[in-house]
């Protein structure tokens, strides 16, 4: 049976992990590769490097990171952030990234998904969606772009469906309401999207406690759960999370 | 020396790295001559069946790989590389009928069903870590009706004509090589998968995995192996499998 995945996400700027990492026994806590190797040892199922580099000049550093990752890592990794064109994506895939995640650029030009899926295969293209609950509505969420700064007026569930139709291989779904709240995933949002598409959905945003991961799978019906700070600060280990998921009857790779 | 075939589709470095970590000397090459004379050949996989076959044919790699296998050089096809070992594939096929593959193993690679036998929906692509279960060596065995039936309907009489010739490569002798790519790896171990198409059932199946259907995830034709999952992305278990292949290649 296919196991549910646990995915640590690292924010990377100029090739370095930002937001601080509080791991013991790391020679260089800012090195995304060393951190990813540590997560591999803990049985993480894959890792995501989210590039928050401001300028396109610095993209070369991220390409270099992808290249080094393909030399060093024994688990799949995704690079997300800043892709504007198929040429950008090609550079990252050529450097060795298993998958890329596209967000704002895909909203601006949905044909980017179609083109990338055709060029690199559906399995290589993740569409990242940042969604925020519409005030006053019971079950409606709006897509935001540009790192959550700009509202688009697009319905998140409809956009997920369109992304899947255009050839996305997975949806990485972040609840902006929950991100950083430590209150757990927005399970209503996750479930709405998971039921709307026939591709895997990765839940993101809001994890603060151990049981939130199992909730994302059981109540949110997600195929994978993603978190950042609870892992980086050593509050929870991947192993603890997987053991808790297993206790809830969720298939995991222990 | 193990040659990793580069057919311009990326994901080559991780495979080379895994083989090197197992102590192998590795050359990444597009050159048909180099491939044909390799001690062992690894055909990694990303992209679509039809595109990959077209590129390999343009570069003469298809004949080179077949020549290497024919003289008994150990071979490992990964993901799409495993698919290419079969008679034909439906993925991105143009015109009528599926695209002919290397033709070592009979059957047509087809799309994985989105529902199981009871009509319950499954997410496709099949992405993530799944259990790999060994098949008793008596061969065949796994019920794979859904995809076999589908492969049968859309497949190809059009590819049958040239097949008998392509299938003429007999399995090479095994010598005292290890019985399995999975030596030291317990049945049920998890490996990383990412794909939407599956190989058909055949006598070559040595391991299966279950998602919407149960499908062959490892095959063997003499000294030629194929795996649907990505050993280079499967942490300790994957590294073990690559090391088994390297040891096998050394003995052969």
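Report those strands (runs of 3 or more DSSP E) wholly inside the stretch A:1-120 carrying at least 3 residues which are on the phi > 0 side of the Ramachandran plot, crowded, with 22+ Cβ neighbours inside 10 Å and at pLDDT below 95.
By residue number, no strands (runs of 3 or more DSSP E) qualify.
Exactly one of (1) part of a loop (DSSP other than H, G, I, E, B); (2) more than 20 Å from residue A:79 (Cα to Cα) is unmet by residue A:191. Its number?
Looking at each condition in turn, residue A:191 falls short on (1).
Taking the stretch A:170-198, which residues are in contact with a helix residue (DSSP H, G or I) (Cβ under 7 Å, 6 or more places away or on another chain), surrounded by fewer than 24 Cβ atoms within 10 Å (Cβ to Cβ) and closer than 22 Å to residue A:125 by Cα?
A:192, A:196, A:197, A:198
Can you name the strands (runs of 3 or more DSSP E) wholly within the stretch B:190-252 that have at least 1 residues being surrounded by fewer than 23 Cβ atoms within 10 Å (Cβ to Cβ) and either touching a residue at least 12 places away in the same chain (Cβ under 8 Å) or within 12 Å of chain A (Cβ to nearest Cβ) (or both)?
Filter on the stretch B:190-252 gives B:205-210, B:214-221.
What number of residues within the stretch B:81-95 are farther than 11 Å from residue B:5 by Cβ and at pLDDT 90 or above?
Step one: list which residues in the stretch B:81-95 are farther than 11 Å from residue B:5 by Cβ, which gives B:82-83, B:85-95.
This time we only want the ones that are at pLDDT 90 or above, so: B:82-83, B:85-90.
The qualifying residues number 8.
Yes or no, residue by residue, for (1) within 17 Å of the chain's Cα centre (by Cα); (2) more than 10 Å from chain B (Cβ to nearest Cβ); (3) free of Cβ contacts under 8 Å to residues at least 60 places away in the same chain; (4) more than 25 Å from residue A:203 (Cα to Cα):
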| site | (1), (2), (3), (4) |
| --- | --- |
| A:39 | yes, yes, no, no |
| A:42 | no, yes, no, no |
| A:45 | yes, no, no, no |
| A:51 | yes, yes, yes, no |
| A:63 | no, yes, yes, yes |
| A:83 | yes, yes, yes, no |
| A:88 | no, yes, yes, yes |
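Conditions first: (1) touching a helix residue (DSSP H, G or I) at 6+ places or on another chain (Cβ under 8 Å); (2) buried (at least 16 other Cβ atoms within 10 Å of the Cβ); (3) within 19 Å of residue B:193 (Cβ to Cβ). Residue A:254 passes all but one, so which condition is the exception?
Only one criterion in (1) touching a helix residue (DSSP H, G or I) at 6+ places or on another chain (Cβ under 8 Å); (2) buried (at least 16 other Cβ atoms within 10 Å of the Cβ); (3) within 19 Å of residue B:193 (Cβ to Cβ) is unmet by residue A:254, namely (2).
Name the residues in the stretch A:121-160 that are modelled with pLDDT of 95 or more and over 18 Å from the mean Cα position of the chain (by Cα), would you?
Matches in the stretch A:121-160: A:133, A:134, A:140, A:141, A:142, A:151, A:152, A:153, A:154, A:155, A:158.
Could you tell me how many of the residues in the stretch B:99-131 are more than 17 Å from the chain's Cα centre (by Cα) and assigned to a loop (DSSP other than H, G, I, E, B)?
Here the count works out to 11.
The values are calculated or read from the model by the stated rules, or taken from the named source; none is laboratory data. All of these numbers come straight from a predicted model, not from anything done at the bench. FYI the Cβ positions are ideal-geometry reconstructions off the backbone, even for glycines, and counts take in every protein chain you see.
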